[in-house]
Amino acid sequence: MSKITELRTNTIPSNQRCPQGKGLESLAPLVCTVKETPDPIPTTIKGTIPTWINGSFLRNGPGKFEFGEDRYTHWFDGMAMMHRFHICEGDVTYSSRFLRSDSYVKNSEKNRIVVSEFGTLASPDPCKNIFARFFSRFQIPKATDNAVVNFVKYKGDYYVSTETNYMRRVDPQSLETKEKVDWSQYIAVNSATAHPHYDREGATYNMGNSYSLGGYSYNIIRVPPPGEKEEKEDSADLKGAQVICSIPATEPMKPSYYHSFVMSENYIVFVEQPLKLDLMKFMLYKIQGKSFHKMMIWDPKNDTIFHLVNRHTGKASTVRYYTEPMITLHQINAFEDNGFLVMDMCCGDDGELIGEFTLENLRSGTGEQTDKFYNSLCRNLPRRYVLPLTVDEHTPLDQNLVTLSNYTATAKQTKPGEVYMTHEELHNDELLQYGGLEFPRINYDQYNGRPYRYFYSCGFRHVFGDSLLKMDVHTKEFKVWHYPGLYPSEPVFVASPKATEEDDGVVLSVLITTREDKSTFLLVLDAKTFTEVGRAEVPVNIPFGTHGVFNEMG
């Protein structure tokens, strides 16, 4: 048995540790096309909406799944729909708009799908002759600007983004679509994540890919804070963006997929995981008539590698930090503690899950088919990794380098310059009964990159989250908000104006249901007690979404 095999944890996979689903209800009503509501409409308040909450809760997600007779294949393909809950003096209004992306406009004009998305390949134009249609198969499709994932902020402006090189600037109050922004016009990257980080000086950090004859690289991007102009122009501004570090892919033709990254006060960590994009298949995928998500492969023979970079100097560590194969989509928080970097993440044991979120699977009826799909999915659980920051030629081999008594995660130098990590589980067994968790959020403004205690997330006893959780990383205990038949969105923390404690504020989440038409509401929880304060009922249907933010300037 090799040394690394001995170090690997022999835990049961997370989806086998959590209870199996049985008799789960169909989610079809949550992934259907809805109409936009461009003009704000009133909501019905139940309970109390605290008068100190003044701003807009902005959310993004797919809201249209067909054009004419053409149907999208994958949930991620639906046209981006932006939602705004405007909260002021205890009152709430709701509005929504489809993003007028090039994809949306072109599809609408032709009344069919003419732009390929993540899981749906656009068909050749039936009006072309047979030769033109044949040769169109050999053209690499342009990246979509259907920015369906998140609201992000650069230099004070809001954008909606996905994982291509295109974003769309938007007005956070009217939800008006503004200009399309191509990252490659500002900086040498071919994409960017929809989960940037922000420092306390106003700069924004992100990750993007680049590929050339020299190979494939992961790039750390920094966009500077907004300038001190007396009057800012009403246009996109990414000037000054720069790549501060470029990390070569371990496998140049099979780079890692990533959805986000880790940032503390002084470091950025890129997690190179064994969920891969096969570039050879990617170059051939349109010829083969396959969509993008078919090119992603889970390769558990490879380790997960943590690339550590000083975010002030852009210098990458020469130490290779690595752990067993795992997948992470969302990081919780990271902070430094006496020569160690502590990273908390939602992690799973199986990377096969992303490509299976097809509309066919999500719309399957109540019963065996839905149960089978849910039970096949990975369950993500909160884990903590602790990286020693002072590894050098004097560091001993084969002994635990994590010397702080309050952590059970380990780090052992297996040979010079290589450190193998094992994680600490940030939960007790009770969490397994809630199906694990995802969509973690913290008190970001005050605690991102710093020691913290609480995070908020969704529990997953169904394919979509069916509960809200408040996790305590010190005690590993948690509080739950749950009501049968209700499916919450990602919980977003909003601090009270004069907060002196980490959890002094509220948590916002949008609740939708399969059981009753037009029964959506904005839920407001007291973040400390995790009990309901009030809700704002909306008289329209809202589909299940992805991510969002609270805009205090709204």
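For the reader, a short list of remarks on this structure follows.
- Scanning region 48-71 for residues that are under 25 Å from the mean Cα position of the chain (by Cα), aromatic (Phe, Trp, Tyr) and open to solvent by 10 Å² or more (accessible area, probe 1.4 Å) yields a count of 0.
- Screening residue 476 on (1) touching a His at 6+ places or on another chain (Cβ under 7 Å); (2) surrounded by 18 or more Cβ atoms within 10 Å (Cβ to Cβ) shows it passes everything except condition (2).
- Residue check for residue 265: in contact (Cβ under 8 Å) with a residue 60 or more places away in the chain, assigned to a loop (DSSP other than H, G, I, E, B) and under 24 Å from residue 305 (Cβ atoms): yes
- Applying the set (1) at pLDDT 95 or above; (2) assigned to a loop (DSSP other than H, G, I, E, B); (3) open to solvent by less than 60 Å² (accessible area, probe 1.4 Å) to residue 45 leaves exactly one unmet item: (2).
- Among the residues making up region 379-400, those that are part of a loop (DSSP other than H, G, I, E, B) and either open to solvent by less than 20 Å² (accessible area, probe 1.4 Å) or of a type in the set (Val, Ile, Thr) (or both) are 379, 380, 390, 391, 395.
- If you check 193, 164 for being assigned to a loop (DSSP other than H, G, I, E, B), of a type outside the set (Asp, Glu) and in contact with a His (Cβ under 8 Å, 6 or more places away or on another chain), only one passes: 193.
- Taking region 17-36 as the range and being open to solvent by 50 Å² or more (accessible area, probe 1.4 Å) and touching a Lys or Arg at 6+ places or on another chain (Cβ under 6 Å) as the test, the residues that pass are 33, 36.
- Residue in region 230-263 that is modelled with the lowest pLDDT, counting only those that are open to solvent by 10 Å² or more (accessible area, probe 1.4 Å) and hydroxyl-bearing (Ser, Thr, Tyr): 235
- Among strands (runs of 3 or more DSSP E) entirely within region 319-369, having at least 2 residues that are hydrophobic (A, V, I, L, M, F, W, C) and closer than 20 Å to residue 404 by Cα singles out 327-337, 340-348.
- Exactly one residue out of 347, 378 is of a type outside the set (Lys, Arg) and within 21 Å of residue 264 (Cα to Cα), and it is 347.
- Within region 264-278, being open to solvent by less than 10 Å² (accessible area, probe 1.4 Å) and within 18 Å of residue 316 (Cα to Cα) holds for 264, 268, 269, 270, 271, 272, 273.
- Meets criteria (of a type in the set (D, E, K, R), touching a residue at least 40 places away in the same chain (Cβ under 8 Å) and in contact with a helix residue (DSSP H, G or I) (Cβ under 9 Å, 6 or more places away or on another chain)) for residue 490: no
The values are calculated or read from the model by the stated rules, or taken from the named source; none is laboratory data. The shown structure was predicted, so the numbers you read here are calculated from the model rather than taken from an experiment. So basically every Cβ, Gly included, is an ideal-geometry build from the backbone, and we count neighbours across all protein chains shown. We work out accessible area using only protein heavy atoms, side chains counted, and drop any ligands, DNA or RNA first. Shrake-Rupley method; radii C 1.70, N 1.55, O 1.52, S 1.80 Å.
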